[in-house]
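Asks: Have a look at this one.
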Amino acid sequence: MRELLRMGVAGVIVLGLASVCLADSFPPSIDFQTDGIIEDGNTFLNVRVFDDAMVSMTGGNIKGDLELYNTSIFNAEGGAMADTSMGWSSRITLFDNSIINLYELDGGVAYGIPFTHIEVASGANGQIHFYGYGFQFNGDVLSGYWDNGSSFLFSIRSNLETREALEFHEIPEPATFGILTIGFAILQLTRKSYK
Amino acid sequence: MKLGKKLSGTISLYFTLIICNIVYGFNTFTLTFPCGYAYIDAAGYADKFYWGLSPYHPHGYHELLSGEWGAAIYYDGNPKAPKAMWLTDYFLAPPWPTYCDFTVNSYRAWEDLNNPVVGYDTAHSVISNNQVEITIDYEIADLGDGNFSPLMYHEQNGTISGKR
């Protein structure tokens, strides 16, 4: 009986340890030296891109950090960074002459606070391109909307290298685009009526 | 039990962040509270503390303080002996690697409902090498408006305030 009890306790302890290990287990990290893609179903802790590799992210999740080196290029067209359920933050760091193009990316927001931080390392010459509209940048936090209308919020490092690297590419928001289209159509109709 | 060169046991550090400065080298988590947030790495290092809108501070988020917060450890036979070894592997500004040999075992932040601060006010991280394991607990403590705070300001009338 005592043996059975002891085995039972041991079983509970093993199960307890297993659940702790599962809770603490990290997804894998990955390095890209050549072109690659991160898509739906991919989950990484950290991602690093080297040399002149170009990596496109169309989905999936980077829960930790993204680091770009050399002359690499990263195109963020979908997916997410940071895991707010774990309180994990993400960092996007550009080293050397790397470039990131941000068309769409969920950086994670909790309690109205950005969970993804973007910066160019000191002494580096990175370029950070944002494509969207409604940009508001107070020197530390950047908000705005992607082309698909979803909002974003990122924390931006306020060092000189990062400030000089930021480039905002305004895409007309849907309402503005609609007005422009209607205006163009009216102009065309008016021209025809004059003929 | 033969310990040999291995230093057994766990060293626990307890960081109480009284709305003060910190952030990173390893992977990071975020501590939040209603008028600010901080990025902190799993080794307890920090360089990013943001202060936002509050009744006393009518401004958006901006980085607060320029100092950094980091911890080091010394024990006989540590890889940096006779010097102490930084817990974090990377200081952000100026950027330099510390070449410590720690790795991250776990890190996480969450809202502790027993802590009256609203937000991710509590965190826990564990780092280790093949000799020691270091556990760090974090907690945002709100000491109340006007009470002692590391954020002290000279008002226009010359008085010193400690407000959120």
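The values are calculated or read from the model by the stated rules, or taken from the named source; none is laboratory data. All values reported here derive from a predicted model rather than from experimental measurement. Cβ: placed from backbone, ideal geometry, glycine included. Neighbour counts: every protein chain shown.
Asks: Based on this model, can you work out whether A:Phe168 counts as within 23 Å of B:Lys48 (Cβ to Cβ), surrounded by fewer than 17 Cβ atoms within 10 Å (Cβ to Cβ) and either among the charged types (D, E, K, R) or touching a residue at least 24 places away in the same chain (Cβ under 8 Å) (or both)?
Replies: Considered against the rule, which asks whether it is within 23 Å of B:Lys48 (Cβ to Cβ), surrounded by fewer than 17 Cβ atoms within 10 Å (Cβ to Cβ) and either among the charged types (D, E, K, R) or touching a residue at least 24 places away in the same chain (Cβ under 8 Å) (or both), A:Phe168 comes out as yes.
Asks: Please state which one of A:Ile92, A:Ile73, A:Ile113, A:Ile118 is more than 11 Å from chain B (Cβ to nearest Cβ), over 13 Å from the mean Cα position of the chain (by Cα) and either without any contact (Cβ under 8 Å) to a residue 24 or more places away in the chain or within 20 Å of A:Thr162 (Cβ to Cβ) (or both).
Replies: None of the others qualify; the one that does is A:Ile73.
Asks: A further question follows. Say we look at segment B:37-55 and pick out the residues that are of a type outside the set (A, V, I, L, M) and at pLDDT 90 or above; which of these is nearest to B:Ala93 (Cα to Cα)?
Replies: Of everything passing the filter in segment B:37-55, B:Tyr45 is nearest to B:Ala93 (Cα to Cα).
Asks: Would you point out the residue of segment B:108-139, among those that are aromatic (Phe, Trp, Tyr) and in contact with a Leu (Cβ under 9 Å, 6 or more places away or on another chain), that is farthest from A:Gly108 (Cα to Cα)?
Replies: Looking at residues that are aromatic (Phe, Trp, Tyr) and in contact with a Leu (Cβ under 9 Å, 6 or more places away or on another chain), I get B:Tyr138.
Asks: Among the residues of segment B:111-127, write down those that are polar (S, T, N, Q), over 12 Å from B:Phe33 (Cβ atoms) and more than 12 Å from chain A (Cβ to nearest Cβ).
Replies: Passing the criteria: only B:Asn114.
Asks: Just one of the numbered conditions (1) facing another protein chain (nearest Cβ under 10 Å); (2) touching a Lys or Arg at 6+ places or on another chain (Cβ under 6 Å); (3) in a strand (DSSP E or B) is not true of A:Met86; which one?
Replies: Only one criterion in (1) facing another protein chain (nearest Cβ under 10 Å); (2) touching a Lys or Arg at 6+ places or on another chain (Cβ under 6 Å); (3) in a strand (DSSP E or B) is unmet by A:Met86, namely (3).
Asks: Now, a different point. For segment B:42-59: of the residues being within 9 Å of chain A (Cβ to nearest Cβ) and touching a Gly at 6+ places or on another chain (Cβ under 8 Å), which is nearest to B:Ala123 (Cα to Cα)?
Replies: Step by step, filter segment B:42-59, then rank; the result is B:Tyr50.
Asks: Something else: Give me the residue from segment B:71-96 that is under 23 Å from A:Gly123 (Cα atoms) and touching a residue at least 12 places away in the same chain (Cβ under 8 Å) and, out of that set, nearest to the other protein chains (Cβ to nearest Cβ).
Replies: Once the filter is applied, the top-ranked residue is B:Ala93.
Asks: Can I ask one more? Report every pair of residues separated by at least 6 positions or lying on different chains whose Cβ atoms are under 7 Å apart, first residue within segment A:140-156 and more than 14 Å from chain B (Cβ to nearest Cβ) and within 13 Å of A:Glu104 (Cα to Cα), second at pLDDT 95 or above and part of a loop (DSSP other than H, G, I, E, B).
Replies: From residues that are more than 14 Å from chain B (Cβ to nearest Cβ) and within 13 Å of A:Glu104 (Cα to Cα), the pairs are A:Phe152/A:Gly107; A:Phe152/A:Trp146.
Asks: Please specify each residue of segment B:78-106 satisfying the condition of being at pLDDT 90 or above and within 18 Å of B:Glu68 (Cβ to Cβ).
Replies: B:Ala84, B:Met85, B:Trp86, B:Leu87, B:Thr88, B:Asp89, B:Thr98, B:Tyr99, B:Cys100, B:Phe102
Yes/no matrix, rows are residues, columns are (1) in contact with a strand residue (DSSP E or B) (Cβ under 7 Å, 6 or more places away or on another chain); (2) loosely packed, with under 14 Cβ neighbours inside 10 Å; (3) more than 20 Å from B:Phe49 (Cβ to Cβ):
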{"site": "B:Pro79", "(1), (2), (3)": "yes, yes, yes"}
{"site": "B:Trp86", "(1), (2), (3)": "yes, no, no"}
{"site": "B:Phe91", "(1), (2), (3)": "no, no, no"}
{"site": "B:Tyr99", "(1), (2), (3)": "no, yes, yes"}
{"site": "B:Val104", "(1), (2), (3)": "yes, no, yes"}
{"site": "B:Gly119", "(1), (2), (3)": "yes, no, no"}
{"site": "B:Ile127", "(1), (2), (3)": "yes, no, yes"}
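Asks: Would a scan of segment B:11-23 turn up a residue that is at pLDDT below 80 and within 13 Å of chain A (Cβ to nearest Cβ)?
Replies: Within segment B:11-23, one or more residues are at pLDDT below 80 and within 13 Å of chain A (Cβ to nearest Cβ).
Asks: Next question. Quick check on my filter: what residues within segment A:33-60 are within 14 Å of chain B (Cβ to nearest Cβ) and either closer than 24 Å to B:Ala109 by Cα or assigned to a loop (DSSP other than H, G, I, E, B) (or both)?
Replies: A:Phe44, A:Leu45, A:Asn46, A:Val47
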